[in-house]
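**Student:** One structure follows; several queries about it will come next.
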Amino acid sequence: MTLTMRERELFLAEPHIGALSVAERPERAPLTVPIWYQYAPGGELWVRTGPDSRKARAIRGAGRFSLMVQRTEPTVRYVSVEGPVTGVEEDSPERSREMAARYLPEDKVDDFVEFDRTRLGGHVIIRMRPEHWVSADLGGF
């Protein structure tokens, strides 16, 4: 069963690990990698990545990307969004903390932010406007 727009947006707003896909080269299938993301219903989706990472270069080249999230319990449900990049901006400690707090237990956030700052190098924020949606809830199967 296809989800309503509200159901899709609320599901995407939950802290799932996303599968980001982006066309990298015409002769290859899309680059697909797991990634943390942030989204609020009705807004833009954003991800953090290294400014010179393979995915950042591919996204800059394609000008768009897709992200799929799923769950298997209590029902099989997924949402996939695809759309244009609306901006690339410098990361900040506040964005690092926001993303870490979305995915990690509260007592691990400070340690991750410090690790991120000292060991992972700089990041950029890449924003995308969800333009095309695919979704389903397969019930209790």
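The values are calculated or read from the model by the stated rules, or taken from the named source; none is laboratory data. Being a predicted model, the structure only gives us computed values, none of them experimental. Cβ: placed from backbone, ideal geometry, glycine included. Neighbour counts: every protein chain shown. Accessible surface areas use protein heavy atoms only, side chains included; no ligands, DNA or RNA. Shrake-Rupley method; radii C 1.70, N 1.55, O 1.52, S 1.80 Å.
**Student:** Just the number please: accessible area per residue for the chain, 1.4 Å probe, all protein chains included, in Å².
**Tutor:** 57 Å²
**Student:** May I ask you to give the percent of accessible area on the chain that is carbon plus sulfur, with a probe radius of 1.4 Å? Walk me through the numbers on the way to the answer.
**Tutor:** Working: 4290 of 7990 Å².
On the chain, the fraction of accessible area on carbon and sulfur atoms equals 54 percent.
**Student:** State to the nearest 20 debye the size of the charge dipole of region 16-124 about its Cα centre, where the only charges are +1 on K and R beta carbons and -1 on D and E beta carbons. Can you show the working numbers first?
**Tutor:** Working: 16 positive and 17 negative charges, 106 e Å.
The calculation lands at about 500 debye.
**Student:** Continuing with the same structure: Go through region 101-132 and name the GluC sites (Glu not before Pro) that are in a DSSP coil and have 13 or fewer other Cβ atoms within 10 Å of their Cβ. Let's see the in-between values first.
**Tutor:** Values: sites: E106, E114, E131; in loops: E131.
Passing sites in region 101-132 are E131.
**Student:** Within region 2-32, whose backbone N sits under 11 Å from a point 7 Å along Cα→Cβ of Q70?
**Tutor:** Within reach of a label on Q70, which here means backbone N under 11 Å from a point 7 Å along Cα→Cβ, region 2-32 contributes 19.
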